[in-house]
Every structure is written in structure tokens, then in C-alpha cells.
Amino acid sequence: VTYNINPTAATPSTTTFEFTSNADAVIEGIEIDASFQATANWVLSGSMSWNDSELESAVPCNGVIPAGAMFATCNDGRASNLNSDWSANLQSEYTMPINDALEAYVRGLYSYNAENDNKHQNYKIDAYGLFNLYVGLRDEGAGWEVQLFAKNLFDEGTELTRDDVDQVFSAGPLGMLDTGYYLSGYTQERELGVNVRYNF
């Protein structure tokens, strides 16, 4: 388990860093996979998972550093898993034989992640879903395939990461000042492209 530790007045020379700790945890979960052959050319499949984890031992945290210690520790039952508790995906593929060799297909993949309050201490990641679409033509006997794809077709934009500690800058005699800005990351924007495969 890795946590960001914020410097405190007790250790003014310490910079923000990640601290890795081996901790005991209780993990409960369930995963379900299913597949359905709707017709000879149409297949549906999907999966769903639920995972609940809780740390049972003290880990490094932001807090008052005890005398003689190098960092503070907390035992607040936070989650050991940084992903959302719920996730699911659904895939559908329809194939269309053109002749004895050629086959066209359309495939869709939707992945869903529920609201996540496990990854960061100060905010929740909103629930979001991504849809990818693939259209292609292949000849398995000859070993080639041409595929057009659109990843994140609906251009879903969700903030996935944000540092728990904001950025600081040196203000000379005033010391280090908080900027109020955080480094963050988002889902990848819509991506369109072509894949070509040939087996020699």
C-alpha cells in the first residue's frame, strides 16, 4: 500500500514523498462472468466484480509525529484497494460471413467503473463508462485482418487522479507556499485509428 505523506511543522526539511508499507488487510469480493450465444453470428459476454478491502494495521499517514518517530501512523480502516468497489464490462460481437474465406465483424466493448473514494483521501472519483467500437474484415486462413477502431467513442472526460497534496513553490524568505493547484489526470480522449495484422 502506497500513501503520500505531507510534510509537517515537526519535520520542515522533509519533502512530499510516497511511503510503501506492508499492512494486514481483510478483503472480500465476488466476480461474475457470463457469455451468451444469441445467434450463430452474435455473441454477448460480460463480467461484474465487487471488492471490499480494509486495512487492519497501522500505516503511514498525515498526522502528529510521535516523539522519537520519523513519521506518523494511523489505523483508520481505510481501503487497501485503490480501485472502485464496483466495476463491470459488456462486450458484443456480430460476425458476417462474406464468402468461404472473408468475414466482417462489428464489436462493441463498454466498461463501467463506479464512484471511487478509495484512491484519494480528499475527493471521490466520479463514476464513468467508456465505450470502444471495432469494425473489421479478416481472413483467418490467410492470416490477415484490417480493423477500424474508435476508443472512448463518446469522448467521456473524467478526472481519474489528483495528488492529495497540492503543488508548492519557493517564496524566498516566506518559505514554501501552497499554490492550491493539484496535478491530475483524466481519461484518454477519443482515439480513432486503423489496425492492420498479417501473420507470416
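General remarks:
- For the stretch 165-200, a residue qualifies if it is in a strand (DSSP E or B) and open to solvent by 100 Å² or more (accessible area, probe 1.4 Å), and the qualifying residues are 176, 178, 186, 192, 196, 198.
- Residues in the stretch 22-49 that are open to solvent by less than 80 Å² (accessible area, probe 1.4 Å) and not aliphatic (A, V, I, L, M): 7 in all.
- Condition met for residue 162 (in contact with a strand residue (DSSP E or B) (Cβ under 8 Å, 6 or more places away or on another chain), of a type in the set (Lys, Arg) and open to solvent by less than 60 Å² (accessible area, probe 1.4 Å)): no
- A search for C-beta distances below 9 Å between a residue of the stretch 77-99 that is closer than 15 Å to residue 31 by Cα and aromatic (Phe, Trp, Tyr) and any residue that is part of a loop (DSSP other than H, G, I, E, B) and open to solvent by less than 90 Å² (accessible area, probe 1.4 Å), counting only pairs 6+ apart in sequence or on different chains, returns 86/114; 86/127.
The values are calculated or read from the model by the stated rules, or taken from the named source; none is laboratory data. Everything numeric here is computed off the predicted structure, so don't read it as measured data. Quick reminder, even Gly has a Cβ in these numbers, built from the backbone with ideal geometry, and neighbours come from all protein chains shown. The accessibility values were calculated without ligands, DNA or RNA, using every heavy atom of the protein model including side chains. Shrake-Rupley method; radii C 1.70, N 1.55, O 1.52, S 1.80 Å.
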